[in-house]
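Okay, structure first, notes after.
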Amino acid sequence: MNRRDFLLSTTGLALAPAEVFGRETVKIAASYQSNIQSSHGKEGFAITGYAMPEFQPMDAKVSKWLQENEKPGGVLVIARAGRLIYARGFGYADTASKRPFLPTTTFRYGSVAKWFTAMGIMRQVEKGVVRLDDPITVCKPLLPLLTPEVRQDIRLELLTFRNLLSHLSGLKYTAHFRSDWYRIKGGQLVTLEETVRFGLTEGFHARPGTDFEYTNFNYILAHFLLEKLSGQPLDALLQQEVFKRAGVKGISLAGSRKVERLLDESQYYLLGEPSVKSIWPEDNGKEIDPAYNVDWRTPAGAGGFRGSALSLLRLMVEFGYDGNKPPLKRESVGEMINVNALQNPPCTTHGLALGAGSDFKNGYYWGTGGMTPGMSTTITRRADSTIYVFAFNKNNDLDPGNGPLNDLVLQTLDSIREQPQVDLWPRYSARGTMMGVRALFTVMVSIFATHRPQHYDYRTVAGCNQA
């Protein structure tokens, strides 16, 4: 075990309870530690967080599913009418150090980040900077990236922001985070602008607005446009215009290299591929863990953010007007869930970064999911204002495996007739007295880390009125 892993294993468990529970630090930390110890199964599978008698079936079924499917760890958090009623971590965030997966553990969100980017665009719509049905060519910095062939294609003027965010762009390029990167510069690092130029050069496969095809490139292009519209880097814009407005902390750009993993961040376990050739220049082509072989800054708008399940849950609480700090206007939320289509139940539809549906009995529901190498995530808001987030830290590169666990969670929720009338949010306050201690240990990790990455800042930001 290297020095960094030693620090993670010896401090991760101790820091988390103190940080998230605030004033009750000593008492809560003691009970939390006891809870972890008493919740170990026969094979040492930890269950962390606050046990609720009503949710014992959920504890048992999720724990069993994760173990049977050989997932090292995971998390499930549930809110109802804005109240946090369930928050449990399962197994391990790091199997080598036996660091438990906590409700507060940080992990990569994957394509859930598309929802963030769509909200960023909607904030520009609300401020009158752009309209959803404007063609993307209103953004002048995009024009120099277009080839003469693409400029002359009549379909370009039909490609609106709405089509782009709804995966109805008709563009050919898909931008798989790993395999497609090798097509651009032979496996070398690429900038956001280079990716946009390359993707647009591929042209169209269909008339915009007519053919749904889920692709990462739609949101890489949206990321580029949003930076030009706002005059800010994507992460700064989202912090100010989305997360801060919703009162949500703890969401940030994902780290790309292993040394950039946060103190409380999960490890990532990928099935069937122990190593790949590194894209990082300082590695000189050596084989590395595939979970750390993507520069997440380039596709950040499509999948490059990280945070905890609780932060993600809180954001959906506010987005759905179940809290008191909505980041968007109601009309904007309606656009994002495609509320006009939902008024004719039963139906399912594709909104702006969200899948949505309605039926005669329950009304509207919506959600999204994401996958990065070694992590799968799902977030869903049901019509009865129940919201749940789950994630687990082992998958393969083709199948995120979210579906079976999603079905299990839904079935178990429906079987629990008496849900607890509690609110755990106050216990997960981010204002603990140990925040300073955590900062100290973060500094220690950076000092003791054996490798410090070279940082690449490719992004240049210019307003849309600039050529």
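The values are calculated or read from the model by the stated rules, or taken from the named source; none is laboratory data. Source: prediction; values computed, not measured. Cβ coordinates were reconstructed from backbone atoms using ideal geometry, including for glycine residues, and neighbour counts include every protein chain displayed. All accessible areas refer to the heavy atoms of the entire protein, side chains included, with ligands and DNA or RNA removed. Shrake-Rupley method; radii C 1.70, N 1.55, O 1.52, S 1.80 Å.
A few points about this structure:
- Filter result for Thr95 (open to solvent by 10 Å² or more (accessible area, probe 1.4 Å) and under 30 Å from Leu270 (Cβ atoms)): yes
Yes/no matrix, rows are residues, columns are (1) more than 30 Å from Thr386 (Cβ to Cβ); (2) open to solvent by 20 Å² or more (accessible area, probe 1.4 Å); (3) not in a loop (DSSP other than H, G, I, E, B):
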residue: Leu76; (1), (2), (3): no, no, yes
residue: Tyr86; (1), (2), (3): no, no, yes
residue: Pro103; (1), (2), (3): no, no, no
residue: Phe116; (1), (2), (3): no, no, yes
residue: Ile121; (1), (2), (3): no, no, yes
residue: Val125; (1), (2), (3): no, yes, yes
residue: Val130; (1), (2), (3): yes, no, no
residue: Leu143; (1), (2), (3): yes, yes, yes
residue: Glu157; (1), (2), (3): yes, yes, yes
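- With respect to the stated conditions, Glu227 is under 22 Å from Met119 (Cβ atoms), open to solvent by less than 10 Å² (accessible area, probe 1.4 Å) and at pLDDT 95 or above.
- Cβ-Cβ contacts under 9 Å between residues 6 or more apart (or on different chains), taken from a first residue in region 211-236 that is within 13 Å of Thr174 (Cα to Cα) and assigned to a helix (DSSP H, G or I) to a second residue that is open to solvent by 10 Å² or more (accessible area, probe 1.4 Å) and of a type in the set (Phe, Trp, Tyr), are listed as Asn216/Phe177.
- Applying the set (1) within 27 Å of Gly209 (Cα to Cα); (2) part of a strand (DSSP E or B) to Gly307 leaves exactly one unmet item: (1).
- The residues in region 340-365 that are modelled with pLDDT of 90 or more and not in a loop (DSSP other than H, G, I, E, B) can be counted, and the count is 2.
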